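Below is one structure; the comments refer to it alone.
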Amino acid sequence: KRGKKVCSVDKANVLEVSQVWRENISKLAPEYPDVELSHMYVDNAAMQLLRWPLQFDTMVTGNLFGDIISDAAAMLTGSI
């Protein structure tokens, strides 16, 4: 069962485009008051996904980070 949690993954601490991503995701959040939004830097998100995958319900990110995260997640199921 879904937990109504969304984790936005970016690198806003060093990439300007990620700062814009985070701002826009944060602007959308009030439109979904029943969904809990959190933010995580991509390097930490990759580690956390492998360490404790059940903490995530839904992850959203741009294409570059999404490709990396999905490859890491594939390891959890034994595919890739």
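The values are calculated or read from the model by the stated rules, or taken from the named source; none is laboratory data. Just so it is clear, the model here is predicted, and its values are computed rather than measured. SASA here: full protein model, heavy atoms, side chains in, ligands and nucleic acids out. Shrake-Rupley method; radii C 1.70, N 1.55, O 1.52, S 1.80 Å.
Of the accessible area of the chain, computed with a 1.4 Å probe over protein heavy atoms only, carbon and sulfur atoms account for 59 percent. One quarter of the convex hull surface built on the alpha carbon atoms of the chain amounts to 5.5 nm², the projected area averaged over directions.
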